[in-house]
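In what follows, a structure is listed as structure tokens, so that the remarks can point back to it.
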Amino acid sequence: MKKKMLFTILIAALALSACSGGGGQAQPAIVRVGWAGSPDTLNPGMAILTEAYTIFELVYDSMYELNLDGSFTLSLAESANVSDDGTVWTFKIRDGLKWHDGQPLTAEDVAWTYNLYKDTPEYPYLNGYYTPYFDTIESTPDNEVVLTLTEAIPNIESQLVFLYILPKHVWESVNKTEYENVEMIGSGPFKMAEYVQNEFVRLTANKDHFSTPPKVDEVIFQTFENQDALVQAIRTGQVDMVTEMPNTAAESLKADENIELVVGAPLAPGVTDIIFNQLDPENCPEGGICSGHPALRDRNIRLAMAHATDKQQLIDVILLGLGNPGLTLIPDGLGVWYNSSLTDYEFDPVKANQILDDAGYADTDGDGIREMPDGSEPLTFRLNWPSDSINAPRMSELLAEMWGAIGISLEPQAVDPDALTAQCCPAFDFDIMIWGWASDPDPSALLYVYTTEAIPTGSSETGYSNPEYDELYTNQQVELDFEARREIVWQMQKMVFDDVVYIIPFYDANVQAYRTDRFTGWITDQAKVELSDITSLVLIEPVK
Amino acid sequence: MNRTRAVLRKTAWSFFTIVFVVVLNFFLFRVLPGDPARAGIRDPRLNKDAIEVIRVRFGLDKPIINCFDSLNPVKVGNCAVNPLETQFFIYAKNLVQGELGISYHANRPVVDILGERLWNTILLIGVGQILSIILGAAFGVFAAWKARTSLEYTAVGISLVAWSLPTFWLAILLLFWGSTMGLPVAGKATPGMSSFPLLQQWGDIAKHMLLPTLTYTIIYMGEYTLIMRSSLLDVLSEDYILSARAKGLNTVQILRDHALKNAMLPLVTVIAINLGFTVAGVIQIESVFSWPGLGSAIYEAVIRRDFPVLQGAFLLIAITVILANLLADLTYTYLDPRVTVE
């Protein structure tokens, strides 16, 4: 009897579960993105990692949207007016905007958020760089935000694009620096559903978004600590898209008929650089060691090394071809700001030798290494790189070979990144380093690195100092005419390129991949590749 | 020496070792070159004020210990700083209150980060250890019982290979094999499973555990088989086993009543030591399978130079190793009375 009853219950349970499972409802369209990181924090004031910004981009709105071609469009505001002197900006916020919790989003939220960023020095990235020109921010009863600047600046869009608008009613009552913000009430095209740090972020679509309601229902970002696992996961269909992969995997993924590879400049373009310590001992900052080799202060040496550097070989060997030769710190991914009119120094060891001969660097003792013109020191340079760099060891070998051919020898050594930071700047206790920078959408941040002012702050790695350049930097910061500013930015790049301040071996490309049998509509034909960007994620739809 | 005194002495020693580790752990991270406020974040946007803000936030603006400068013999006696305001005192005070500082990277208390991760690791190595102990001991007994037959040679051969396999390599191999079988290759659970019934969630976690646990089990099973076998062979060659056999006991009786308990001693030692070290040793398995445990937390903290997390994790590992050893010692005093005799 008992047995029979148990059996009946079991059958009933099975029938019930079958019903609930197959009720004819369409499966939700869930995009699974595999990436190798995880946001450091969801507090927009404290975050550093790009993964955090990717999530902010999807969950929050800001005044402007950064497009994949590098341009900006208004987002939360329907119009922006600027006063004649360029210092007062009035943004008319769209009517009827709503937070994810249903509360109205108004100009008051926007003004409150900008004031928060401006007045919180514990938000070092926003506070120090994006708000120093903010004087006052007020909201008006007409749902307008009036932003008064201390002086007119040309790049207001790039100052506002990373200032995500937060709900006043949530943030008013929390500790601004310690708030973990895991509930993340935003207004963007996706809502935070679930977040487990270092495991995954699950976002659901905000189908009521005012401008870009997504077509899919959910996006899941899953963390893979191991890039081989990431590649295997897209191959077997455990994820639909991967934002990064080792270059070595590109070739084999390309062969898979269900996988499409996208290669191009990343949304936040990076640049790898070979840094010459050319600091004039007179400019040695307080506490500096300034032990750089004197020869590196001579442009002839740097020019000869530039002519002896085979960039294509570096790209082919190190990046397996997935990158472009570089010119200055401003990468090609910055679009109009990149000075495409410059012609690179041709790879010509004969010419390089000639330059060194003419400048008086001869190999007097016949050991294959040239000496200083006064015979005091051989051209032997210390070459350092951060020990966590994957590419630098191979690059140092190739450089030693290339520069060895023109009588310059290297003492290559990997250094702990902390020690290297201490060695670097403003200590200037090195000869040559291999390192890199990530870029802002606006060129100002990277152009600053070449200024004299950046020497004592530790941002200048080369100690390069050129009053003419410094003046141009100041000018471009206040030049309101776009074309005129671009002109100056190009001129600055030409100046530092001619002075061979750095050798830029390459601009790394971004390699991403998606499965063609799951979702369609990914954006692949833009200047920058970022499939996990809002631009792609709101457009894609399931393959029918 | 009586048993109580032996236990007290061992416990006291363990306590002093922990205090030593606490102190060492503090200075280890402070003698490293570089400025933690700038490490890991190279950004031209960071100006001097911003770096100072970070320094103040993490207490790095305070002196490491009082009179640190005056360690220079010329300056001895010049200690103007309030000793309660030094980094070391704050560290010690926080530690007593169960605080391990705030992660530079995640901006969250280290205790929270390590706490969530620790349970995941315990789950993984708990199951892995139990499986490898059971299988290893069983194979070990089997190999010793079938000594000098081809079965023993096979068992020893397989165990040797398993034990000497590089963990990382075996994990990658299993990852490739598992992924083609449709097994999940990363994480602890399928994202979005939290809305499902508990039973289904557990099933999902079990599925995710399969590959990492298998890797772990294979590696440790080999070790335990070899130890169990050699220890049992030793015991089986003792005179009292011969006399037991002379009494007419059969093999099963001899193993069960006379040999196994004695042969377990070396295995207990190794298991105890392993328990301490596997927290650190599991780093490779966790990072291959993106298992969100303590091992991968350490791996990430190393990459991101997140010293408070590393400092906390090292302390945790050191304490686990010390306690595991103490536990082994204490178990010994009960299993083997000779241990208490000096």
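Looking at A:Asp418, A:Asp388, which one is of a type outside the set (Lys, Arg) and either without any contact (Cβ under 8 Å) to a residue 24 or more places away in the chain or within 25 Å of A:Asn283 (Cα to Cα) (or both)?
Result of the check over A:Asp418, A:Asp388: A:Asp418.
Read through the list (1) in a loop (DSSP other than H, G, I, E, B); (2) more than 22 Å from A:Thr50 (Cα to Cα), then give the number of the only condition that A:Ala295 fails.
(1)
Touching a Lys or Arg at 6+ places or on another chain (Cβ under 6 Å) and in contact (Cβ under 8 Å) with a residue 12 or more places away in the chain, is that true of A:Val449?
Judged against the criteria, A:Val449 is not a match.
Here are some residues: B:Gly293, B:Gly281, B:Gly276. Which one is within 18 Å of the chain's Cα centre (by Cα), closer than 30 Å to A:Asp388 by Cβ and either at pLDDT 85 or above or polar (S, T, N, Q) (or both)?
The match here is B:Gly293.
Quick one: which helices (runs of 4 or more DSSP H) sit completely within the range A:426-504 and have at least 2 residues that are open to solvent by 10 Å² or more (accessible area, probe 1.4 Å), of a type in the set (Ser, Thr, Tyr) and within 27 Å of B:Ile51 (Cβ to Cβ)?
A:467-478
Does A:Ile355 satisfy the criteria of being out of contact with any strand residue (DSSP E or B) (no Cβ under 7 Å at 6 or more places or on another chain), modelled with pLDDT under 95 and over 30 Å from A:Ser536 (Cα atoms)?
no
Tell me which residues, restricted to the range A:513-544, are out of contact with any Asp or Glu (no Cβ under 8 Å at 6 or more places or on another chain), assigned to a strand (DSSP E or B) and among the aliphatic types (A, V, I, L, M).
Answer for the range A:513-544, where residues must be out of contact with any Asp or Glu (no Cβ under 8 Å at 6 or more places or on another chain), assigned to a strand (DSSP E or B) and among the aliphatic types (A, V, I, L, M): just A:Val529.
Report the residue count in the range B:190-214 for those that are hydrophobic (A, V, I, L, M, F, W, C) and within 23 Å of the chain's Cα centre (by Cα).
6
Rundown of residues vs (1) within 20 Å of B:Leu211 (Cβ to Cβ); (2) in contact with a Leu (Cβ under 7 Å, 6 or more places away or on another chain); (3) in contact (Cβ under 8 Å) with a residue 12 or more places away in the chain; (4) open to solvent by less than 10 Å² (accessible area, probe 1.4 Å), yes/no style:
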site	(1), (2), (3), (4)
B:Ala263	no, yes, yes, yes
B:Leu267	no, no, yes, yes
B:Thr278	yes, no, yes, yes
B:Ser287	yes, no, yes, no
B:Pro292	yes, no, yes, yes
B:Ala297	yes, yes, yes, yes
B:Arg305	no, no, yes, no
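Could you please find all residues in the range A:220-252 being more than 10 Å from chain B (Cβ to nearest Cβ) and closer than 18 Å to A:Ile55 by Cα?
Residues satisfying the conditions are A:Asp240, A:Met241, A:Val242, A:Thr243, A:Glu244.
Just one of B:Phe27, B:Phe20, B:Phe68 is closer than 25 Å to A:Asp418 by Cα, at pLDDT 80 or above and open to solvent by 40 Å² or more (accessible area, probe 1.4 Å); which is it?
After applying the criteria, what remains is B:Phe27.
With the requirement that a residue be touching a Leu at 6+ places or on another chain (Cβ under 9 Å) and closer than 15 Å to A:Gly102 by Cα, what does the range A:184-212 give you?
Across the range A:184-212, the qualifying residues are A:Met184, A:Ile185, A:Gly186, A:Ser187, A:Gly188, A:Pro189, A:Phe190, A:Lys191, A:Met192, A:Phe210.
Give the number of residues within the range A:214-232 that are outside any strand (DSSP E or B), modelled with pLDDT of 95 or more and open to solvent by 10 Å² or more (accessible area, probe 1.4 Å).
So the answer is 2.
Only one of these conditions is not met by B:Ser237: (1) away from every other protein chain (no Cβ under 14 Å); (2) of a type in the set (Ser, Thr, Tyr); (3) crowded, with 17+ Cβ neighbours inside 10 Å. Which number is it?
Checking B:Ser237 against (1) away from every other protein chain (no Cβ under 14 Å); (2) of a type in the set (Ser, Thr, Tyr); (3) crowded, with 17+ Cβ neighbours inside 10 Å, the one that fails is (3).
Exactly one of these conditions fails for B:Ala259: (1) among the aliphatic types (A, V, I, L, M); (2) touching a residue at least 40 places away in the same chain (Cβ under 8 Å); (3) crowded, with 21+ Cβ neighbours inside 10 Å. Give me its number.
It fails just one condition, (2).
Every residue in the range B:46-61 that is modelled with pLDDT under 80 and either open to solvent by 50 Å² or more (accessible area, probe 1.4 Å) or more than 7 Å from every other protein chain (Cβ to nearest Cβ) (or both), please.
If the condition is that a residue be modelled with pLDDT under 80 and either open to solvent by 50 Å² or more (accessible area, probe 1.4 Å) or more than 7 Å from every other protein chain (Cβ to nearest Cβ) (or both), then B:Asn47, B:Lys48, B:Asp49, B:Ile51 are the ones that fit.
Can you find a residue in the range A:159-166 that is in contact with a Ser or Thr (Cβ under 6 Å, 6 or more places away or on another chain) and within 12 Å of another protein chain (Cβ to nearest Cβ)?
Taking every residue of the range A:159-166 in turn, none turns out to be in contact with a Ser or Thr (Cβ under 6 Å, 6 or more places away or on another chain) and within 12 Å of another protein chain (Cβ to nearest Cβ).
May I ask you to say which residue of A:Glu194, A:Glu157, A:Glu138 is within 14 Å of A:Asp109 (Cβ to Cβ), open to solvent by 20 Å² or more (accessible area, probe 1.4 Å) and not in a loop (DSSP other than H, G, I, E, B)?
Answer to the check: A:Glu138.
Can you pull out every residue in the range A:141-154 that is closer than 28 Å to A:Glu483 by Cβ and either aromatic (Phe, Trp, Tyr) or outside any strand (DSSP E or B) (or both)?
A:Thr150, A:Glu151, A:Ala152, A:Ile153, A:Pro154
The values are calculated or read from the model by the stated rules, or taken from the named source; none is laboratory data. The structure displayed is predicted, hence computed values, not measured ones. As a convention, Cβ positions derive from the backbone with ideal geometry for all residues, glycine included, and neighbour counts pool all protein chains shown. Side chains included, ligands, DNA and RNA excluded: accessible areas come from the protein's heavy atoms. Shrake-Rupley method; radii C 1.70, N 1.55, O 1.52, S 1.80 Å.
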